[in-house]
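J.: One structure, pasted below without further comment.
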Amino acid sequence: MTDRNNTTRRGALGLLAGSATLPALATPALSQFSTEWRMVTSWPKNLPGPGITAQRLADRITSLSDGRLKIKLYAAGEIVPGLGTFDAVANGVAQMAHTAPLFWAGKFSAAPIFTAAPFGLTPIEHITWINHGGGQALWDTLYEPAGIKPFMAGNTGYQMGGWYKKPLENLTDLKGLKIRMPGFGGAVLTKLGALPVGLPPSEIFTSLKTGVIDATEFLGPFSDAAMGFHKAAKYYYSPGFHEPNGTGEALVSKSAFEALPNDLQQIVETACAAENVFSLSESEWNNAASLKNLVENEGVELKEYPQDILNAAKNATIEVMQELSEKDALTAEIVSSYQNAAKHLDPWSKISIKAFLSARG
C-alpha cells in the first residue's frame, strides 16, 4: 500500500514537474528574439519638448522590452537631415523615426492635419479624433503606400503664434513678411500676403538672427526658449491659430513592425501612447514656467494678433481647407473626418472648457 502510494505520488510529481517545464520550454524561444532599431529624428538632440520626447520613447521601448528591442536614437543630421526622416524609414535606412506630420505636405497633401489645422482641434480634441473618431485608420491609410505605420508619440500642446522682430499693427504689416511657418498655417499666410519659408528646426535660429527670415513660429515657450528665438526677436505673439495642437509622430516601418513578436508590437504601441500623454503634460507645465521667465527675465513682449489678422486668417483657412479637400478622394475624406470631429466636439468643449475657464477667471 505504501509502495503504491509512493509510486503514485512520484508519478504525480513527475507529471507536475513535466507540465511545469512546458512554459519554460516555450519561454526561451520568445526571449531569444532580440533586435536593434535605428530611430532617426527631426530634432536637435535632447531639444526640450520633442527631442526629449524622442529619447524618452527610445529608452522606454528598450526598457519595457528588457533590451530585446533596443532603440538607438540619431538626432537630426547624424544619419539623415531633419526633414529626411520619412524617406529614411520608407527606404529602410531606419526602422523608426520621431518627427511631425506637418513636414510631409509635399508627399501627402493631408499629412499636416495629423499635427494640426488652423483654428482646428485642441490637443485633447485631436487625441479624441485619432482614437475614437476614425483618425487613426485614415492616417494608416495615408502612409500605407510608403510602408509606414504612424503612431501619436508626443504632443507639445498649444502652440504660440510666433516671434516677430517688429510689432504687427494690422493686416498690412504681414505683406511681404518672410516667416518660417510650415503646414497649413503657411498656406493661410500666403493668402494674407506673407512669404512663408520652409526650414528644418536646426536652421531656424540662424535664419532669424541673420535676417533670412523676419519672423518664425516653432512650438511653445518651453521649446522656443531652448532654441533661443528671444535673442533674435522680442515680440511673441498669440494665439497660435495656425497650430492649436502639437502632435508628433513615431513612424515605424511596417515590415520591421510585423517581424516583431506580438508582445514587442504591443510594447511599441503602448510606449508611444504613454509618451504622447506624458509629453503633453510636460509641455503644459514647462510652457507656463518658460513663459514667465521669458517675460520677467528676458525682456520678451507678449502680443496678441490684431483682430483684422485673425479675421482674415479665419477666412483664408476656409479657403485652404476647401482647396485641400479637392486634391483627391482620400484627402477629402480626411478633411471631412477632421471637420466632422470638430463639429461633434465643439458644443461640449464650449460648455466644458470655455465656460469653465471663463468662470474661473
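J.: Please list, ordered by residue number, the strands (runs of 3 or more DSSP E) wholly in region 8-123 having 1 or more residues that are small (Gly, Ala, Ser) and modelled with pLDDT of 95 or more.
T.: Because the criterion is at least 1 residues that are small (Gly, Ala, Ser) and modelled with pLDDT of 95 or more, the strands (runs of 3 or more DSSP E) in region 8-123 that meet it are 96-99.
J.: Please list, ordered by first then second residue, the pairs with beta carbon atoms under 7 Å, 6 or more apart or interchain, first in region 338-361 and farther than 18 Å from Phe114 by Cα, second modelled with pLDDT of 95 or more and assigned to a helix (DSSP H, G or I).
T.: The qualifying pairs are Ser349/Glu125.
J.: Among Glu144, Glu125, which is the only one that is more than 22 Å from Leu219 (Cα to Cα) and charged (D, E, K, R)?
T.: Glu144
J.: Only residues that are surrounded by 24 or more Cβ atoms within 10 Å (Cβ to Cβ) and either over 15 Å from Glu249 (Cβ atoms) or of a type outside the set (Val, Ile, Thr) (or both): list them for region 48-57, please.
T.: Gly49, Pro50, Ala54, Leu57
J.: Tell me the residue from Leu195, Leu208 that is on the phi < 0 side of the Ramachandran plot and crowded, with 19+ Cβ neighbours inside 10 Å, please.
T.: Numbers: Leu195 fails: crowded, with 19+ Cβ neighbours inside 10 Å.
Of Leu195, Leu208, the one residue that is on the phi < 0 side of the Ramachandran plot and crowded, with 19+ Cβ neighbours inside 10 Å is Leu208.
J.: For region 236-252, indicate whether the set of residues that are more than 18 Å from the chain's Cα centre (by Cα), surrounded by fewer than 18 Cβ atoms within 10 Å (Cβ to Cβ) and not in a loop (DSSP other than H, G, I, E, B) is non-empty.
T.: Yes, region 236-252 has at least one match.
J.: Mind telling me which of the residues Leu199, Leu260 ends up being part of a loop (DSSP other than H, G, I, E, B) and modelled with pLDDT under 95? Please lay out each step first, then the result.
T.: Working: Leu260 fails: modelled with pLDDT under 95.
Unique residue meeting the criteria: Leu199.
J.: So, in region 198-228, how many residues would count as being under 30 Å from Glu125 (Cα atoms) and under 21 Å from the mean Cα position of the chain (by Cα)?
T.: 18
J.: If Ala342 satisfies all but one of (1) farther than 24 Å from Met152 by Cα; (2) small (Gly, Ala, Ser); (3) assigned to a helix (DSSP H, G or I), what's the number of the condition it fails?
T.: Every condition holds for Ala342 apart from (1).
The values are calculated or read from the model by the stated rules, or taken from the named source; none is laboratory data. Model, not experiment: these values are computed from the prediction. All Cβ positions, glycine included, derive from the backbone under ideal geometry; neighbour counts span all protein chains shown.
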